[in-house]
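Heads up, the thing below is written out as structure tokens.
The values are calculated or read from the model by the stated rules, or taken from the named source; none is laboratory data. None of the values given here were measured: they were computed from a predicted structure. Here the Cβ positions follow ideal geometry from the backbone for every residue, glycine too, while neighbour counts run over all protein chains shown.
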Amino acid sequence: MSVAAPAVSVVIVTRDRPRLLADALATVASQVAAPLEVCLGDDGRTPLADTPRAGDLPVRIVRCGGGHAGIARNRAARLARGRWLAFLDDDDRWTREHLAGLSAALAGGAGLAYRDVVVVRERLDAEGARHELARRAIARDWDLETMRTDDYVPPSSFAITRALFERLGGFDETMRFSEDWDLLLRAARLATPVRVPGVTVEIRMRDDGHLSLERSAERRACLDTLSERHGLPALEIRTFWEVAGLLGSGSRPA
């Protein structure tokens with residue numbers, strides 16, 4: 001039986017990937033510390049055909065009309081009734097203990113807490129079946145100097161208090177990319193993020209998704225904005241897969 005964690009609202013952004021979304025929602029429903037609800041920002045080109053399910057949890061949906069992840073997260077967060085917000089992208093997954101660790105940290109006074117992740121390279125075949133190719137872990141305490149050059153805390157790994165999120169004004173909706181990195185750096189000025197050790201997040205990356213270099217000019221522009229805003233050095237376009245390799249976590253074949 002799950003232990004209730006009614007303070008947590010899970011905020012998910014999805015875009016035209018119903019199979020991956022169903023997989024992510026199943027991991028939310030499996031939490032040993034059950035959240036209050038799921039708030040879903042549907043950023044797809046067409047609305048979801050069916051109402052997604054996350055076990056017995058309420059799923060509240062807002063249609064975002066094909067904007068981008070930051071906008072969808074903000075709009076879904078406005079639906080939330082919980083005191084704490086935990087983020088999950090539709091193509092990522094949690095282990096059963098994910099929310100329990102975050103809830104304990106937030107209950108202990110953290111303004112923002114995050115878990116360790118494993119970054120998985122995979123491909124999907126024509127039938128939508130998943131084939132894992134390799135994986136790398138990221139497990140690091142908060143270190144501002146490292147975060148000044150490489151973001152190693154994916155959105156699906158962290159939770160934040162509603163009070164801090166609202167004080168920050170949520171994600172910067174002018175940034176299509178790196179808006180999560182920007183939020184973390186702004187949050188760190190007010191409350192040092194707390195790492196909860198233990199790999200509880202699977203970041204799934206595919207050559208036609210996160211690993212694609214499409215829109216590289218816009219990615220570059222967002223990194224330049226980030227650098228200017230936070231006084232950072234020139235930043236390289238890197239995926240979490242590449243960051244995991246640079247931080248020395250290594251990889252292994254599937």
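Inside the stretch 165-179, residues that are of a type in the set (Lys, Arg) and in a loop (DSSP other than H, G, I, E, B) make up a count of 1. The number of residues in the stretch 113-139 being closer than 20 Å to Ala191 by Cα and touching a Phe, Trp or Tyr at 6+ places or on another chain (Cβ under 6 Å) comes to 1. Please go through the stretch 34-57 and pick out each residue that is loosely packed, with under 15 Cβ neighbours inside 10 Å and among the acidic types (Asp, Glu). Asp50, Asp56 - these are the residues of the stretch 34-57 that are loosely packed, with under 15 Cβ neighbours inside 10 Å and among the acidic types (Asp, Glu). Scanning the stretch 97-140 for residues that are surrounded by fewer than 16 Cβ atoms within 10 Å (Cβ to Cβ) and part of a strand (DSSP E or B) returns Arg123, Arg130, His131, Glu132, Leu133, Ala134. Taken over the stretch 55-66, the criterion of being modelled with pLDDT under 85 and closer than 15 Å to Asp90 by Cβ is satisfied by Cys64, Gly66. In the condition set (1) farther than 24 Å from Gly231 by Cβ; (2) part of a loop (DSSP other than H, G, I, E, B), Ala159 is compliant with all but (2). Screening the stretch 58-96 for residues that are touching a Cys at 6+ places or on another chain (Cβ under 8 Å), surrounded by 22 or more Cβ atoms within 10 Å (Cβ to Cβ) and without any contact (Cβ under 8 Å) to a residue 60 or more places away in the chain and picking the one that is farthest from Glu122 (Cα to Cα) gives Arg75.
Here the condition is being at pLDDT below 95 and over 26 Å from Leu184 (Cβ atoms); of Asp23, Asp43, Asp16, it holds for Asp16 alone.
Going through (1) more than 14 Å from His98 (Cβ to Cβ); (2) within 19 Å of the chain's Cα centre (by Cα); (3) among the β-branched types (Val, Ile, Thr) one by one, Thr46 falls short only on (2). Please tell me if Asp180 is in contact (Cβ under 8 Å) with a residue 24 or more places away in the chain, crowded, with 17+ Cβ neighbours inside 10 Å, touching a helix residue (DSSP H, G or I) at 6+ places or on another chain (Cβ under 6 Å) and of a type in the set (Asp, Glu). Yes. Taking (1) modelled with pLDDT of 95 or more; (2) part of a helix (DSSP H, G or I); (3) over 16 Å from the mean Cα position of the chain (by Cα); (4) not β-branched (Val, Ile, Thr) in turn, Ala217 satisfies each apart from (1).
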